[in-house]
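For reference, the structure is listed below as structure tokens.
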Amino acid sequence: MPPFLLDPRYRARLFSALWGLAGALVLAAGWWLWHFPVEHGGPPSHVMELTDAEALASQRATPPNDMDNGVSVRLPHRWSQTHRELTGSLWYRLNVPLSTLPPQTWAVYLPKVSMNAEVWVNGVSLGVVGSMDPPLTANWYTPLMFTVPPSLWKVGDNALEVRVSGDSVSRSGLAPVWVGSARTISEMYARRWWVQVMGVHAANVGLVMMGLFLVVLWMRDRSQSAFGYIGQAAILWGLGSSANIVPDPFLPMAVWDSLSFLCIVWAQLSMCLFFLRFSERKWVWAERLIAGFAVLDPIAVVLVPSQMLVGLTYLTIYLVALVGFALALWHAYRTRRPDRNLFAFGSLVSIPAAAHDVALQLNQLSLESVYMLPYGGPVMVGCMAFIVAGDHARSRRALAHLNNDLVASIQRREAELRDSFQRVSALEQAQAVSAERSRILRDMHDGVGAHLTTALRQLNPPTPQTVDLRMVTRILREALDQLKLSIDAMSMPPGDVVGLLASLRFRMTPRFKAAGVSLRWEVDELPEWPGGTQAALRQLQYILFEAMSNVLQHAGAQEITLRAQRQGDQLLLVLHDDGRGLSGSGSRPEGHGSQTMRSRAGTIGAGIEFVSPPQGGHEVRLSLPMRSPDESGQ
């Protein structure tokens, strides 16, 4: 984009200039169509316009001899002026005075004739266009040109006779006839043929394409009902308008005319609905009235064919559309829609064009006038397509801004969550360190602290007595071993039961040897224990250490066997000694140590049993589940 367009002031001036240029072009085109044909500004050279004629109703296939009984008329002439109820043929006789014979080929040009025509010069037929007998073809909007052989002309008066076929419903008539140089007449004919036929079809093709675009938009977004209605209007108008000027359709003419009229009426009513929806007025009663009119009026026109009824239909719809346009324009400027000028421009082009065509339909304009709405309609629909494109572009920009804001918000939120996570993680680490410190202190208090307290009591008895130094030494060694095991547990990998047992073996072997007890090691390769967190391993270590200490203190055993193996969905740890075992046949009462061991086993989800096997001695059996605590809970 050029740098100066980045300045809003220059951009606004440029858009204003473009609007002014577009308006000037549209006004020029409208003026040209309104005053078409331009030959009225002055006849071209070598061409004459014939407007005085004698009209005689006759069904003869050849020029009648009694034209003197005809009615003097001036072209353009409508049958309703002199022959209101006529159905069939009306002969027009015109005089072509020549002072000299034409030096080149001449032609006869009929800008507008309804419905079909046959031309005769001095009693010789030049040809016929369309059907002269029912059912009639529809050449009512097609210009006709007939080439005249030079041999047919004569000096003086030449009789030019035009036979026109029509009926009382079709607004039959004849526009001024042009005679002159075939080259000049061909240019005039080509210009009008493009305006009345080719240009209409081309405009309707574009109109239908834009209508399909708007209908597809409505199908993808049902909230855009206004644009759905104008898309529907564009499609129906394009089809109906093109069908209306097809001379010889493939369907019977009565059916074809009814379908064409139906499409045009429904297109105009769809425009009324568009204006109502564009103004955001949900007038259900008005929409129901329009729907009822769309059903009843075509039926009335078919049952009571009348050109005046058709004209009144178009006038009624035009007035309704005019009210809807006023409401929509007021809404657009009241709500300050960004595209309000575009809507006003399209509407102010199509509304006058529609007024011109309604006046032409009601016979208020010259017969040779051309319809303007086929060219004004595409301007209106094109403006609506630009409005849709503008809405889409604004939506895309708003969505892009929203996405950018959302991305920025997410990034800010991620940064906040990251900071929060880091703070929570640091807090969790601090809490974990504090919990571990508390656990170590508790274990030292319960284990090492208890042993040291016992040793102090032995060294400082309340009453004078001999101190048992061997007992004090044993207590202090147990405290030291328990402290070392606590340190070992802090660096042990989670779930490593074999490592824990090896640590116990390493720390307890000197005490076993000192007590004269041998250790028998029967430990298999064990899988990782899912529930073996550091806290759980510490609890398991305490249970085994307590069991081994009890054997050394109370069992009087010679051998201790430590077995570890997997059995099904659990790990089985067995500590067996060959000492005294349980006293008698009953069970040994559980002391404080055994109760503590059972409590700790329950904490880690392990099972514990105190058993006296048949071969004697005593066993402590621990079963560790091979399921994680979460799975066990489920």
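Before moving on, here are some points about what is shown:
- Cα-based shape type of region 302-388, given that a ≥ b ≥ c are square roots of the gyration tensor eigenvalues and the cut on a/c is 1.5: prolate
- Unit charges on C-beta of K, R, D, E only; dipole of region 230-353, Debye: 700
- Each of TRP521 and ALA202 was given a label point 7 Å from its Cα along the Cα-to-Cβ line. The distance between the two points is 10.3 nm.
- FRET efficiency for SER72 and LEU315, using Cβ-Cβ distance with R0 set to 35 Å, rounded to 0.05: 0.60
- Shape call, region 275-329: gyration tensor on alpha carbons, a/c limit 1.5: oblate
- Distance in nm between pseudo-label sites at ARG412 and MET219 (7 Å out along the Cβ direction from Cα): 4.3
- Anisotropy class assigned to region 65-205 is oblate, per the alpha carbon gyration tensor with a/c at or over the 1.5 cut-off and a/b no larger than b/c.
- Potential extension, ARG397-GLU528 segment - 0.36 nm per residue separation minus Cα distance: 41.3 nm
- In this label model, THR100 and ARG60 are separated by 3.5 nm, measuring between points 7 Å along each Cα→Cβ vector.
- Distance from the alpha carbon centroid of region 192-230 to that of region 338-406 works out to 11 angstrom.
- The mean accessible area for residues of region 226-364, using a 1.4 Å probe and ignoring ligands and nucleic acids, is 46 Å² per residue.
- The length gained by stretching the chain between ASP157 and ALA300 to full extension, at 0.36 nm per residue less their Cα-Cα distance, is 46.6 nm.
The values are calculated or read from the model by the stated rules, or taken from the named source; none is laboratory data. Every value quoted in this text rests on a predicted model; they were computed, and no experiment measured them. Please note: Cβ atoms are built from the backbone with ideal geometry, for glycine as well, and neighbour counts cover all protein chains shown. Areas reflect the complete protein model, heavy atoms only, side chains present, ligands, DNA and RNA absent. Shrake-Rupley method; radii C 1.70, N 1.55, O 1.52, S 1.80 Å.
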